[in-house]
Amino acid sequence: MSGGNSITKSTSSLFIFIFLFVSIQAARPPFACDQKNRAFRNFPFCQTNLPIGDRVRDLIGRLTLQEKVKLLGNNAAAVPRLGIKGYEWWSEALHGVSNVGPGTKFGGEFPGATSFPQVITTAASFNASLWEEIGRVVSDEARAMYNGEMGGLTYWSPNVNIFRDPRWGRGQETPGEDPVVAALYAERYVRGLQGNEDGDSLKVAACCKHYTAYDLDNWGGVDRFHFNAKVTKQDIEDTFDVPFRSCVKQGKVASIMCSYNQVNGIPTCADPQLLRKTIRGGWGLNGYIVSDCDSVGVFYDTQHYTSTPEEAAAAAIKAGLDLDCGPFLSQHTENAVHIGILKEAAIDTNLANTVAVQMRLGMFDGEPSAQQYGHLGPRDVCSPAHQELAVEAARQGIVLLKNHGPALPLSPRRHRTVAVIGPNSDVTVTMIGNYAGVACGYTSPLQGISKYAKTIHEKGCGDVACSDDKLFAGAVNAARQADATVLVMGLDQSIEAEFRDRTGLLLPGFQQELISEVSKASRGPVVLVLMSGGPVDVTFANNDPRIGAIVWAGYPGQGGGAAIADVLFGAHNPGGKLPMTWYPQEYLNNLPMTTMDMRSNLAKGYPGRTYRFYKGPLVYPFGHGLSYTKFITTIFEAPKTLAIPIDGRHTYNSSTISNKSIRVTHAKCSKISVQIHVDVKNVGPKDGSHTLLVFSKPPVDIWVPHKQLVAFQKVYVPARSKQRVAINIHVCKYLSVVDRAGVRRIPIGEHSIHIGDAKHSLSLQASVLGVIKS
């Protein structure tokens with residue numbers, strides 16, 4: 001017996017040894033500062049007890065000029081004599097770890113990663129805590145893949161550009177048209193990714209892109225490589241820069257990406273006013289600035305901004321560009337130094353920013369498995385909890401646009417057979433949109449609905465282009481047989497995508513005809529489900545009494561079909577709201593994508609852009625979204641007047657107070673906020689979540705928005721009950737407006753606050769030395 005135990009113990013020890021040996025062999029080797037190598041581990045830049053600034057200076061001081069320039073591109077070269085490996089900076093994580101960039105690949109123990117809904121869908125949840133939680137999950141999976149040598153640690157996400165024009169092919173990647181929503185999305189998603197709220201270390205390094213005024217890819221013969229966005233100071237300050245400022249100041253992002261386009265005649269990646277003065281100087285970026293891929297080459301070769309490649313390299317580095325996605329800087333910077341148009345010290349300054357981020361990521365701290373996130377591995381990717389969060393995100397982002405009757409929710413008892421029709425009815429990859437990776441698995445709309453009812457499936461169109469009516473007969477016949485009909489229509493990446501802007505807002509091809517024919521034939525309720533990133537003019541369906549309900553699902557991610565079915569059959573009460581305005585096709589009649597102006601110009605027939613500046617006909621407004629229950633909102637308590645104290649350094653003069661407004665820089669902003677107590681009553685039969693959208697209408701002036709979102713909050717209210725919510729509004733940040741000179745001001749006078757049907761008048765007054773000045 002004792003001998004048997006001895007053999008068992010020996011065998012166990014052997015198995016443990018083999019397991020540890022295999023684990024050690026499989027673990028990612030250190031990027032730098034290998035503690036097992038005496039030649040490298042004693043470098044000062046490897047000493048974790050030293051400040052990062054000292055470590056960075058030590059490393060850069062050891063590099064030759066030739067070594068430095070090879071670190072300026074995304075495919076940074078190794079420095080073998082210092083024990084530093086090569087590194088690929090370009091990875092993407094827009095809504096899940098993606099293999100779009102060369103820094104990440106799938107295979108082996110990492111066949112896929114959780115693919116969340118496209119950003120425009122997640123934005124429709126108006127749930128900031130959800131945005132942060134998705135970021136946290138994505139960074140768990142990113143770290144796990146890094147540990148498994150399948151990914152990097154620098155992720156060029158999120159895209160926080162404003163969805164200015166409904167035709168933009170990349171609008172799907174953004175949080176929508178509102179600067180406040182985009183700003184908070186940027187802050188919270190970045191926090192989730194980076195995990196650096198309480199310190200300087202980084203879980204992964206996020207990147208807010210594309211700075212700035214970038215929202216045209218390829219329209220009307222103009223592409224992003226040649227486009228000069230002519231933008232006023234007013235629009236830069238109160239629209240285009242807002243998300244990026246929040247990303248840096250509140251989100252503490254580790255990187256900003258400059259865009260392909262020019263802004264007012266200067267390439268963004270060569271503009272020191274934008275990069276060095278605003279991003280780094282004004283906002284205090286603690287991180288690096290990277291170009292969109294080949295942007296430096298583009299402004300030399302395509303825009304002809306400089307005469308020589310060396311001048312282009314020097315212009316970019318002097319402007320504040322730290323890293324080039326592409327080979328241009330690595331190829332031409334050394335010669336720029338040799339011919340005397342760039343100092344090596346400028347390269348050192350910029351390299352310090354990239355190296356510091358790598359050190360904050362722990363890449364110079366030796367063995368990765370011994371670090372904070374070294375335990376993450378394959379079991380942390382595509383976990384059941386992560387996949388369920390992807391479905392829940394889709395549920396929260398789905399928007400109920402119309403519900404006449406009501407046609408929804410469907411009943412498994414009464415609607416036992418459902419005709420599922422349309423080119424998007426059984427899709428999988430379509431649901432994850434662009435900048436996606438390889439999903440863990442899919443649930444298509446057909447599969448999701450099949451869990452609730454027997455289905456009859458007909459595509460009706462061969463694809464979303466729907467170029468003919470050859471498949472209509474089968475779809476019509478299916479609708480005649482079923483107890484209910486669900487049409488899953490819309491767009492995909494063949495219609496809207498990077499470098500593919502739309503030409504119009506109507507459904508492609510014969511889709512409208514298919515919907516109408518099927519609706520006429522259906523013997524049960526008809527539900528239209530739309531997949532798209534941008535808005536679609538479905539006025540015909542909204543006005544058709546035979547179409548009982550319309551649902552927008554965006555691109556709902558890998559589990560989108562399950563989420564759609566849960567909403568259709570009432571397992572989830574929809575609470576999403578549109579993060580962008582849905583315009584009629586006629587809106588485009590006098591609206592070139594190349595015209596950047598946000599504000600309308602009625603004399604020229606220019607309608608203005610987004611709900612803030614456009615007041616014409618709509619299909620659905622920004623913030624629209626219905627529920628299966630009814631909410632009543634009332635304002636319980638709110639101040640009627642608020643004094644705006646002037647900073648003691650400024651006197652009551654025309655520069656401080658002019659045109660009945662106060663310069664924000666002259667007010668004591670830290671002390672000015674408004675708290676509004678709101679009662680939300682659910683008077684309907686179903687529990688549900690309601691999004692409180694708080695709008696302000698400033699005192700009338702020709703340059704202020706018609707209204708602007710100043711706060712939003714998601715609140716869950718059980719059926720037949722009430723919740724009281726406190727909403728805080730920072731006056732300087734949210735009740736201010738921007739004048740034509742680009743100066744942010746607080747209008748004095750009556751501000752009308754709107755929360756649903758509830759209204760409140762708030763009077764803002766200037767206070768100088770305790771005396772109110774109106």
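Brief remarks on what is shown
- Residue in region 294-302 that is touching a Cys at 6+ places or on another chain (Cβ under 7 Å), assigned by the TED database to the domain that holds ASN74 and assigned to a strand (DSSP E or B) present: no
- Failed item in (1) within 27 Å of the chain's Cα centre (by Cα); (2) outside any loop (DSSP other than H, G, I, E, B); (3) of a type outside the set (Ser, Thr, Tyr), with GLU310 passing the rest: (1)
- Candidates THR349, THR306, filtered to the one that is of a type outside the set (Gly, Ala, Ser), closer than 21 Å to ILE60 by Cβ and open to solvent by 10 Å² or more (accessible area, probe 1.4 Å): THR349
- Close contacts from region 330-342, counting a first residue that is assigned by the TED database to the domain that holds GLU67 and a second that is open to solvent by 60 Å² or more (accessible area, probe 1.4 Å) and modelled with pLDDT of 95 or more, with Cβ to Cβ under 6 Å and a gap of 6+ residues or different chains, come to SER330/LYS70; VAL337/GLU344.
- Residue satisfying all of: in region 366-407; under 30 Å from THR581 (Cα atoms) and of a type in the set (Val, Ile, Thr); most open to solvent (accessible area, probe 1.4 Å) among these: VAL391
- Filter result for LEU602 (touching a residue at least 60 places away in the same chain (Cβ under 8 Å) and not assigned by the TED database to the domain that holds ALA182): no
- Residue match in region 699-709 (condition: among the aliphatic types (A, V, I, L, M), surrounded by 17 or more Cβ atoms within 10 Å (Cβ to Cβ) and within 24 Å of GLY397 (Cα to Cα)): yes
- Of the helices (runs of 4 or more DSSP H) lying entirely inside region 510-589, those containing at least 2 residues that are surrounded by fewer than 22 Cβ atoms within 10 Å (Cβ to Cβ) span 511-521, 539-543.
- Checked against (1) among the small types (Gly, Ala, Ser); (2) out of contact with any Asp or Glu (no Cβ under 8 Å at 6 or more places or on another chain); (3) touching a residue at least 40 places away in the same chain (Cβ under 8 Å), ALA478 meets all criteria but (2).
- Residue list for region 184-209, restricted to those being aliphatic (A, V, I, L, M) and open to solvent by 10 Å² or more (accessible area, probe 1.4 Å): LEU184
- Qualifying residue in region 243-258 (condition: crowded, with 24+ Cβ neighbours inside 10 Å, more than 28 Å from GLU197 (Cβ to Cβ) and hydrophobic (A, V, I, L, M, F, W, C)): no
- Yes/no for LYS209 being within 30 Å of PHE364 (Cα to Cα), of a type in the set (Lys, Arg) and part of a loop (DSSP other than H, G, I, E, B): no
The values are calculated or read from the model by the stated rules, or taken from the named source; none is laboratory data. Because the structure is a prediction, the values reported are computed rather than measured. Cβ: placed from backbone, ideal geometry, glycine included. Neighbour counts: every protein chain shown. Only protein heavy atoms, including side chains, enter the accessible area calculation; ligands, DNA and RNA are left aside. Shrake-Rupley method; radii C 1.70, N 1.55, O 1.52, S 1.80 Å.
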